1. Under a Cβ-Cβ cut-off of 15 Å, what is the net charge of the residues other than GLY193 that fall near it, where Lys and Arg count +1 and Asp and Glu count -1?
2. Give me the percent of DSSP beta bridges within the chain that run antiparallel, rounded to the nearest 5.
3. On C-alpha positions alone, give me the angle between the axis of helix 196-208 and the longest principal axis of the chain, in degrees, nearest 10.
4. With the crude spin-label approximation of a point 7 Å out along Cα→Cβ, what separation in nm comes out for ILE140 versus ASN16?
5. Using Cα pairs closer than 8 Å and at least 6 residues apart in sequence, work out the relative contact order for the chain, in percent.
6. Roughly speaking, what is the centre-to-centre gap between the stretch 325-361 and the stretch 40-113 when only Cα atoms are used, to the nearest Å?
7. Mind pulling the angle between the C-alpha long axis of helix 59-73 and the longest principal axis of the chain? Nearest 10 degrees, somewhere in 0 to 90.
8. Would you mind checking the tilt of helix 166-179 against the longest principal axis of the Cα atoms of the chain, expressed as 0 to 90 degrees and rounded to 10?
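Please treat every number below as a calculation from the coordinates, not as lab data. Please read these numbers as outputs of a predicted model, since none were measured by experiment. Heads up, the Cβs are rebuilt from the backbone with ideal geometry, glycines too, and the neighbour counts pull from every protein chain shown.
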Amino acid sequence: MKITDIKIGKIKIPMNKSFKTIITTVSEISEIVIKVITDTDEIGIGSATPTPEITGDTEESIIAAIKVITPKLIGQDIDNMEEIMSIIDKGIIDNSSAKAAIDMGIYDLFGKKYNIPLHKYFGGNKASVITGITISVGTIEEMVKESLEAVRNGFQYLKIKVGDNPIVDLNRVKAIRQAVRKDTKLIVDANQGWTPKEAVKIINKFEDLELNIELIEQPVKSWDIDGLKFVTDRVLIPILADESVHNINDALNIIEKRAANCINVKLMKCGGFHNAIKILNLAEMAGIECMMGCMVESKIGVTAAANFALAKKNITKTDLDMLLSYENDPIEGGVTFNGEEIYANDSPGLGIIEVHGWKEI
């Protein structure tokens, strides 16, 4: 099975409600979807979501990067996985989202060729995973209402988006903790919004008030690793690094400096499965647990991330609630879900059957 072409297309997915953080607000998903064409009847599906605020990748840059890499892959045999991944990695600097899409499509083909679902190829550890649900940043009243609705719908984990004002953030988290059940687990995601000193002060308040916070995600700027360590060294609640970790070198830096307690792995940040495996293996050797997350993306990317989460023991938390956000889902196949639980699909590869509304660019 050899690669003969990569076709680039686009889909748009309206969301049933806006996704709001202090970084961005999204009400519609606009995504690049590729089809890796081979000299057989099989086609590999991959996707890339422009998230310029985090990855630096735009729709235009993703398309351009895929066009740069594609000619270098023509004629490569799918079994020659290491060489293919080296070509993708070296074909262009950065551009992690474009690389993730191609990586995804290659792995999808590999699973199809050998008739194995990717979660089993990667290790097949679980039949399902539990995802948390994100509570968008907003007024205290809006966030409490959304939190109560999530708990009524059976969610055990709430990821609370904050970061625009430490005093307001404290009141948001207090109000949500008072409103929901005591056994509801809370993760507070500041999305880089606090200074190191602000972060320590507010997290110490969480601790003093016994708000029972599971994790604090990315409290400071992504580049401020010393600031992240400053926070981690001065609080009891574990710190989760997200935007600070894109690649294996970032992960190694975090681990060597002991700047965080956990790492959030996202395929769009690291460039796909091949690099995610490296980060997970490194974290496991260092005794650091990982979360599997996603961007605001289609079920293609969420399915890819879920297959990884289903397979790896070191992924102890999952944040893949985008599945609940589509007004109309154009993706046929992939993982299935029931409330907070995401179930494996035992079809080969990613198990994506059809991408409705796909238009070649």
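1. Every neighbour counted, the sum reads -2.
2. Rounded to the nearest five, the antiparallel share is 55 percent.
3. So the helix axis and the longest Cα principal axis differ by about 60 degrees.
4. Computed distance between label sites ILE140 and ASN16 equals 2.9 nm.
5. Rounded, it is 21 percent for the chain.
6. The distance from the Cα centre of the stretch 325-361 to that of the stretch 40-113 comes to 19 Å.
7. 40
8. Once rounded, one gets 90 degrees.
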